[in-house]
DNA sequence: CGTTCAAGAAAGGAATCACTTTCTAACCAG
DNA sequence: CTGGTTAGAAAGTGATTCCTTTCTTGAACG
């Protein structure tokens, strides 16, 4: 009778384990409530801890949100495919990026423009560069260079706009729809738009 | 001595004139401060009026923001060009859209995702449809149909993805950079990407 | 085992901000 | 000119929320 069945052994988290839980809670709050409605208390409650724990790590709400965005980005790395053909690599990479980044751009962009870090002296462009990780989709250069070496494309003769095209369109669709692209759309981008241009 | 020189005749605005000024102030505040940092007072001060005037028109902050977004969208209509060639029409339309909508998509999307209307029962998709005006870029069908009639393209044989391509890319760049596209970029989209595909 | 550190609970201070209320006077219709 | 409407000024209320402080106790480390 001393320990209730409804009280499931209060474990106490530490270090990386705790920090990941805090940042994940922050991200979930961002997705569900949005930046404006995210409060330190709501994050603490979701993470089953108290606000003091948050303030021990981040000086204010903006810092916490920024860290949560970066954590979410880094927790879902996009794998580098190697299928042997440019078409296969592109389909695989775009699919992986689409799934890993679904929602990320929109939430991050929304937070960046809805007031995040306005008074830290960062320009909107700086905030955006930071949350976007200053990279667009990783590994793009790699798969193009491999295709160049195999003789599939001639990097000297293909305009940069063409090389960016598939990734720009995937990013665009992610921003518009907030969910991963349908496989048919990815195939359309590769087969109807990109490949005819190279 | 009764009327100071520093007090430049207090005129009192009414009706449409006043309402436009209020909504313009709301939009400017949205751009500069973002949704989270926009306050009814900041809008009132910017419009040189008082909060009561705002509340006489809109029941709450969300309604004001929504009206400001719609006002901004409707106040900058994109003109329908008619240059005689598909290439000319596209360049003109993309340039006009780029300038009219610079910033609009990003600000509107950010407001939509940063908490706007979360508790009115609208889904994010509904909010987005409303602020985007349920249209992407107007006039697109028109210029394509004219080109079809002139025999420049065959609408039966061109995939829809190709027709959307220029507008998707312009929207993408606007979301990323928040400013009108450089003319060279627009020419690149038309000449290096779109025209080779049709 | 004993020491140290931080997790977690709780309560509250201070500031912000959505929204209201009241009042005066400028504008408009007749 | 007269009366009704509403712009605009000013002050205030109540709720929210950022952030701090204090205290107890579970966990890590030697």
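The values are calculated or read from the model by the stated rules, or taken from the named source; none is laboratory data. This one's a predicted model, so the numbers in the text were calculated from it and none came from an experiment. Cβ: placed from backbone, ideal geometry, glycine included. Neighbour counts: every protein chain shown.
Take residue B:62 and decide whether it is within 13 Å of DNA strand C (Cβ to nearest atom), under 19 Å from the mean Cα position of the chain (by Cα) and either at pLDDT below 95 or within 14 Å of another protein chain (Cβ to nearest Cβ) (or both). If you could, list the steps in order and put the result at the bottom.
Details: within 13 Å of DNA strand C (Cβ to nearest atom): yes; under 19 Å from the mean Cα position of the chain (by Cα): yes; either at pLDDT below 95 or within 14 Å of another protein chain (Cβ to nearest Cβ) (or both): yes.
Answer is yes for this residue.
List the number of the failed condition for residue A:185; all other conditions in (1) assigned to a helix (DSSP H, G or I); (2) at pLDDT 95 or above; (3) more than 11 Å from chain B (Cβ to nearest Cβ) hold.
(3)
Kindly establish whether residue B:41 is surrounded by fewer than 21 Cβ atoms within 10 Å (Cβ to Cβ), more than 18 Å from residue B:167 (Cβ to Cβ) and modelled with pLDDT of 95 or more. Reasoning before the result, please.
On the way: surrounded by fewer than 21 Cβ atoms within 10 Å (Cβ to Cβ): yes; more than 18 Å from residue B:167 (Cβ to Cβ): yes; modelled with pLDDT of 95 or more: yes.
It is true that residue B:41 is surrounded by fewer than 21 Cβ atoms within 10 Å (Cβ to Cβ), more than 18 Å from residue B:167 (Cβ to Cβ) and modelled with pLDDT of 95 or more.
Quick one: count up the residues across segment B:145-172 that are within 12 Å of another protein chain (Cβ to nearest Cβ) and in contact with a helix residue (DSSP H, G or I) (Cβ under 7 Å, 6 or more places away or on another chain).
Initial filter on segment B:145-172 (within 12 Å of another protein chain (Cβ to nearest Cβ)): B:157-172.
Among the residues that remain, those that are also in contact with a helix residue (DSSP H, G or I) (Cβ under 7 Å, 6 or more places away or on another chain) are: B:159, B:161-163, B:165-172.
Qualifying residue count, segment B:145-172: 12.
Tell me which residues, restricted to segment A:148-165, are assigned to a helix (DSSP H, G or I) and farther than 23 Å from residue B:194 by Cα. Please lay out each step first, then the result.
Within segment A:148-165, the subset assigned to a helix (DSSP H, G or I) is A:148-150, A:160-165.
Answer for segment A:148-165, where residues must be assigned to a helix (DSSP H, G or I) and farther than 23 Å from residue B:194 by Cα: A:148, A:149, A:150.
Could you tell me which residue of segment A:83-97 is nearest to the chain's Cα centre (by Cα), considering only residues that are outside any helix (DSSP H, G or I) and without any contact (Cβ under 8 Å) to a residue 40 or more places away in the chain? Walk me through it before giving the result.
Kept after step one, since they are outside any helix (DSSP H, G or I), are these residues of segment A:83-97: A:83-85.
With without any contact (Cβ under 8 Å) to a residue 40 or more places away in the chain added as a condition, the list becomes A:83-84.
Working: A:83: 24, A:84: 27 Å.
Across segment A:83-97, the extreme among qualifying residues is A:83.
Assess whether residue B:20 counts as being within 14 Å of chain A (Cβ to nearest Cβ) and either at pLDDT below 95 or over 30 Å from residue B:152 (Cα atoms) (or both).
Numbers: within 14 Å of chain A (Cβ to nearest Cβ): no; either at pLDDT below 95 or over 30 Å from residue B:152 (Cα atoms) (or both): yes.
The answer is no for residue B:20.
Find the residue count for segment A:8-29, including only residues that are within 12 Å of DNA strand D (Cβ to nearest atom) and either buried (at least 22 other Cβ atoms within 10 Å of the Cβ) or in a helix (DSSP H, G or I) (or both).
Looking only at that region, the number is 6.
Can you name every residue in segment A:86-109 that is crowded, with 20+ Cβ neighbours inside 10 Å and closer than 12 Å to residue A:76 by Cβ?
So the first thing to find is which residues in segment A:86-109 are crowded, with 20+ Cβ neighbours inside 10 Å, and the list is A:86, A:89-91, A:93-94, A:97-98, A:101, A:104-109.
The answer is A:97, A:98, A:101, A:104.
Would you pick out the residues in segment B:34-62 that are assigned to a helix (DSSP H, G or I), more than 19 Å from residue B:73 (Cα to Cα), free of Cβ contacts under 8 Å to residues at least 24 places away in the same chain and touching a helix residue (DSSP H, G or I) at 6+ places or on another chain (Cβ under 7 Å)?
If the condition is that a residue be assigned to a helix (DSSP H, G or I), more than 19 Å from residue B:73 (Cα to Cα), free of Cβ contacts under 8 Å to residues at least 24 places away in the same chain and touching a helix residue (DSSP H, G or I) at 6+ places or on another chain (Cβ under 7 Å), then B:41, B:42, B:44, B:46, B:51 are the ones that fit.
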